[in-house]
Amino acid sequence: APPLCPPPLFSSGGSDGDKGQLSVPYRFNSNWRVEPFLGYSQNSGKTNGKDLDGFEETSQYDSEQFNLGVSLARTLLMKEKLSLYSAVSLAYVQQDSDSRSSDGRLSETDFTRYEYKYDYQDKTELTGYETALSLGLQYKIFENMELAGEVALNYRDLSGDDKSSRTSTNIDIDKNDSSNNTTDVDIEQMDSDKEESVFYTSSKLIVRIYF
């Protein structure tokens, strides 16, 4: 039966955040291995603070990525329990991200208070492919368990839609007569095409368990 490779204990490169990969490697012989895999990564962040003028600012970012692909590995050198291998992989990639931010301004005179609030949103949906060239060193811990360290040079090519919007809210408050208060809301939207091509390096530690 083909061995089952659990999610990596550790991985880095490409982007920060939570990552995981599940693969099912199969050995044709002692030199060649094919390895279908499914990967997922998630990243998020939030900030609250004040700008240089002392006004409140907030921002939030969320992204997730799915990879579905296959790798082909070849053993280059084997000595006792150690083996050196190289691999090439190709994967379909889907990447979604959503960023939001807001800030405000205010001013006033003896009779009127002016409040301004700006909300920004940028949402992207990208698809494409990713390929990688890897070099790994593997150690056989037990007959059915191996520990591998792997480094890779990756290339990612994605394209899709970028939707952005800005909502401006202006509130005029009459200090003497609230019936004169006014609120003006203006919404601007823009849709555009986005392309992303990038080279990056990555590394990961993998435990392979053979059943």
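Would you check the accessible area of Tyr118, probe 1.4 Å, heavy atoms only, in square angstrom rounded to 10?
60 Å²
Scan segment 130-206 for GluC sites (Glu not before Pro) in coil per DSSP, keeping those whose Cβ has at most 10 other Cβ atoms within 10 Å, and list them by number. Mind showing how you got there, number by number?
Details: sites: Glu130, Glu143, Glu146, Glu150, Glu188, Glu195, Glu196; in loops: Glu143.
Of the GluC sites (Glu not before Pro), the ones in loops of segment 130-206 whose Cβ has at most 10 other Cβ atoms within 10 Å are Glu143.
Please work out how much accessible surface Ser101 shows to a 1.4 Å probe, ignoring ligands, DNA and RNA, in Å² rounded to 10.
It works out to around 40 Å².
Count neighbours as other Cβ atoms within 10 Å of each site's Cβ, and list the GluC sites (Glu not before Pro) in segment 34-109 that are DSSP loop with at most 12 such neighbours.
Passing sites in segment 34-109 are Glu80.
Give a quick list of trypsin sites (Lys or Arg not before Pro) in segment 63-100 that DSSP marks as loop, anything other than H, G, I, E or B, with at most 16 other Cβ atoms within 10 Å. Spell out each step's value before the answer.
Details: sites: Arg74, Lys79, Lys81, Arg100; in loops: Lys81.
Taking segment 63-100 and a limit of 16 other Cβ atoms within 10 Å, the loop trypsin sites (Lys or Arg not before Pro) found are Lys81.
In terms of solvent-accessible area of protein heavy atoms at a 1.4 angstrom probe, what is the ranking of Thr167, Thr109, highest value first? Walk me through the numbers before you get to the answer.
On the way: Thr167 35, Thr109 65 Å².
Most to least solvent-accessible, the answer reads Thr109, Thr167.
Taking 41 Å as R0, compute the FRET efficiency from the Cβ-Cβ separation of Arg113 and Asp62 and round it to 0.05. Each step should come with its number before you reach the end.
Values: r = 34 Å, r/R0 = 0.84.
After rounding to 0.05, the efficiency reads 0.75.
Note down the magnitude of the dipole of segment 55-134 about its Cα centre, charges +1 on Lys and Arg C-beta and -1 on Asp and Glu C-beta and zero elsewhere, to the nearest 20 debye.
Numbers: 8 positive and 15 negative charges, 170 e Å.
Charge dipole, segment 55-134, about its Cα centre: 820 debye, nearest 20.
Roughly speaking, to the nearest percent, how much of the chain's 1.4 Å accessible area is carbon and sulfur? Please list the in-between numbers first.
Numbers: 7240 of 13350 Å².
It is 54 percent, rounded to a whole number.
Probe 1.4 Å, all protein chains in place: accessible area of Phe66 in Å², nearest 10?
80 Å²
Just going by the charge dipole of the chain, with Lys and Arg at +1 and Asp and Glu at -1 on Cβ, which of Thr183, Tyr139, Thr109 is farthest out on the positive end?
Farthest towards the positive pole: Tyr139.
The values are calculated or read from the model by the stated rules, or taken from the named source; none is laboratory data. Quick caveat: nothing in here was measured; it's all calculated off a predicted structure. Glycine gets a Cβ as well: all are built from the backbone with ideal geometry, and neighbour counts include every protein chain shown. These area figures cover heavy atoms from the full protein model, side chains too; ligands, DNA and RNA do not enter into them. Shrake-Rupley method; radii C 1.70, N 1.55, O 1.52, S 1.80 Å.
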